[in-house]
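K.L.:
Here you go, one structure.
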Amino acid sequence: LAQSLFALFASSLAISLVFAIIPLCHNVVVLAVVMAVAGLAMGCIDTISNMQLVKIYQKDSAIFLQALHFFVGFGALLSPLIADPFLSDTNCILSNSTANASSNLPHIRKSLVPHHPGNLSHYDLPMKGMVVTRVSYAFWIMALINLPVPIAVFFLLYKERMVPCFNGSSHPLLSADELAMETRPVDKDELSTPVQRAQAAGGHSDLLSCCQSKNFRGASYTYFAVHITGALVLFMTDGIVGEYSGFVYSYAVEEPLSVVHKVAGYLPSLFWGFITLGRLISIPVSYRMKPATMVFINVVGVLITFLLLLIFSSSVVFLFVGTAALGLFLSSTFPSMLAYTEDILQYKGCATTVLVTGAGIGEMVLQLLVGSIIHDRGSYSFLVCGMIFGCLAFTFYALLVFFHRMYPKPSPELDDASPAKAAVSDDTGQYQR
């Protein structure tokens, strides 16, 4: 826990520093390095926050994972709204030709969007003069908004007496086990064998404990198959999130739809808005529905939505409806898959790293792949790619269910009369509701 909290503190503080530095970067190489640091920090936060929720809440982790990812979507929806007032509708450099250049901007934007860019040589934009953009303020505001996060993590470290210089007399917060016991009764399958309890305790001692080779000795092929198929499902679904939000605008403004640019600009916001709404709805739903069922509904919904988008590809109205539906179905896929996979693997937290990595790689690779295909084959291939990715996600989910059925069941629980079980029950009973 100490390692995780220190990593969260350093990563969240790094993000605030990065956002403050970005407007000061006047060299593309420096900007690339700064953005790489931000990516590393966000990857650490994503992995650690998911892994710790799984370890602390175990069978109840699905609800907390849905809440976590609701705020991920809410942030993605809120950030553009914060930046929007500081974006200029005219040229950002003042010169003698600014008036003509400002009138050229809509034509330049329109020429840059299609997969075959138009000739821009006859449009004039001033490259020298006084810079009047205010976009720097957006980055500095985001840096300030994020600053309470590392402060809160440091406060948690202080309350847990994990800061070497600040070992005060304050009472520490509840331990992870006590916190988990507050939210659920003791289940029989949680108290299996002394060996399993020892393995579980060892898994909490080190962030890299699940990477040790001793944990893989004697593991069946289904153990690795569950990790791989779960990561592949998220590779596809998170890849769809990335490629759809990145290219739906370009698809909408081209023929046959030819949506007005300002109207097409609402599509990514609509998509992220319904992702956020879906994650909010999933918080109470996950309390009643199993994660496996939620993932099934998600992947089937994505598949059907892309099929309908292909059938009604000439309808602007259905493009908006389909975008909203796709956001709803994709919204809870990641947290539900995480809860489902960790449930199969007895909440060791190791699957979280594999799944987060698979999702991140998918979001990066599929955007590059779809971008190159749209460039060569045209905008219609955007929906075809989505349909193919949806089919692959459903196929990998079916394989995951198959390997789940073949995965060895946990060992029988301790006998009720066992002294060890009685001691555990006595120690944890006070935290039950």
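K.L.:
I'd like to know if the stretch 374-392 contains one or more residues that are open to solvent by 60 Å² or more (accessible area, probe 1.4 Å), within 21 Å of the chain's Cα centre (by Cα) and at pLDDT 85 or above. It would help to see each step written out before you state the result.
P.N.:
Taking the stretch 374-392 as the starting set, the residues that turn out to be open to solvent by 60 Å² or more (accessible area, probe 1.4 Å) are 375-377, 380, 388, 392.
Adding the requirement that they be within 21 Å of the chain's Cα centre (by Cα) leaves 392.
If we keep only those that are at pLDDT 85 or above as well, we get 392.
Within the stretch 374-392 (the criterion being open to solvent by 60 Å² or more (accessible area, probe 1.4 Å), within 21 Å of the chain's Cα centre (by Cα) and at pLDDT 85 or above), the answer is yes, since at least one residue qualifies.
K.L.:
Determine, yes or no, whether Arg279 is open to solvent by 30 Å² or more (accessible area, probe 1.4 Å), assigned by the TED database to the domain that holds Cys391 and of a type outside the set (Ser, Thr, Tyr).
P.N.:
Values: open to solvent by 30 Å² or more (accessible area, probe 1.4 Å): no; assigned by the TED database to the domain that holds Cys391: yes; of a type outside the set (Ser, Thr, Tyr): yes.
No.
K.L.:
Please specify each residue of the stretch 233-258 satisfying the condition of being in contact with a Leu (Cβ under 8 Å, 6 or more places away or on another chain) and part of a loop (DSSP other than H, G, I, E, B).
P.N.:
Leu257 - this is the single residue of the stretch 233-258 that is in contact with a Leu (Cβ under 8 Å, 6 or more places away or on another chain) and part of a loop (DSSP other than H, G, I, E, B).
K.L.:
Just checking, how many residues over the stretch 263-289 are assigned to a helix (DSSP H, G or I), over 20 Å from the mean Cα position of the chain (by Cα) and within 15 Å of Leu319 (Cβ to Cβ)?
P.N.:
Summing the residues that are assigned to a helix (DSSP H, G or I), over 20 Å from the mean Cα position of the chain (by Cα) and within 15 Å of Leu319 (Cβ to Cβ) in the stretch 263-289 gives 3.
K.L.:
So, in the stretch 19-39, exactly how many residues are aliphatic (A, V, I, L, M) and touching a residue at least 24 places away in the same chain (Cβ under 8 Å)? First the steps, then the outcome.
P.N.:
Of all residues in the stretch 19-39, those aliphatic (A, V, I, L, M) come to 20-22, 24, 28-38.
Then drop every residue that is not touching a residue at least 24 places away in the same chain (Cβ under 8 Å), which leaves 20, 22, 38.
Summing the residues that are aliphatic (A, V, I, L, M) and touching a residue at least 24 places away in the same chain (Cβ under 8 Å) in the stretch 19-39 gives 3.
K.L.:
Also: Only one of Ala252, Ala225, Ala292 is more than 21 Å from the chain's Cα centre (by Cα) and under 21 Å from Leu392 (Cβ atoms). Can you tell me which? Give the steps one after another, and end with the answer.
P.N.:
Numbers: Ala252 fails: under 21 Å from Leu392 (Cβ atoms); Ala292 fails: more than 21 Å from the chain's Cα centre (by Cα).
So the residue among Ala252, Ala225, Ala292 that is more than 21 Å from the chain's Cα centre (by Cα) and under 21 Å from Leu392 (Cβ atoms) is Ala225.
K.L.:
Right, another one. Determine whether the stretch 72-81 contains at least one residue that is part of a helix (DSSP H, G or I), more than 14 Å from the chain's Cα centre (by Cα) and in contact (Cβ under 8 Å) with a residue 40 or more places away in the chain.
P.N.:
Scanning the stretch 72-81 turns up at least one residue that is part of a helix (DSSP H, G or I), more than 14 Å from the chain's Cα centre (by Cα) and in contact (Cβ under 8 Å) with a residue 40 or more places away in the chain.
K.L.:
If only one of Leu366, Leu399 is touching a Gly at 6+ places or on another chain (Cβ under 7 Å), surrounded by 13 or more Cβ atoms within 10 Å (Cβ to Cβ), at pLDDT 85 or above and assigned by the TED database to the domain that holds Met294, which one is it? If you could, list the steps in order and put the result at the bottom.
P.N.:
Values: Leu399 fails: touching a Gly at 6+ places or on another chain (Cβ under 7 Å).
Of the residues listed, the single one that is touching a Gly at 6+ places or on another chain (Cβ under 7 Å), surrounded by 13 or more Cβ atoms within 10 Å (Cβ to Cβ), at pLDDT 85 or above and assigned by the TED database to the domain that holds Met294 is Leu366.
K.L.:
Now a separate question. If you check Leu355, Leu330, which single one turns out to be open to solvent by less than 50 Å² (accessible area, probe 1.4 Å), modelled with pLDDT of 90 or more and under 17 Å from the mean Cα position of the chain (by Cα)?
P.N.:
Leu330
The values are calculated or read from the model by the stated rules, or taken from the named source; none is laboratory data. The structure displayed is predicted, hence computed values, not measured ones. As a convention, Cβ positions derive from the backbone with ideal geometry for all residues, glycine included, and neighbour counts pool all protein chains shown. Ligands, DNA and RNA are stripped out before the accessible areas are found, and what is left, the full protein with its side chains, is counted by its heavy atoms. Shrake-Rupley method; radii C 1.70, N 1.55, O 1.52, S 1.80 Å.
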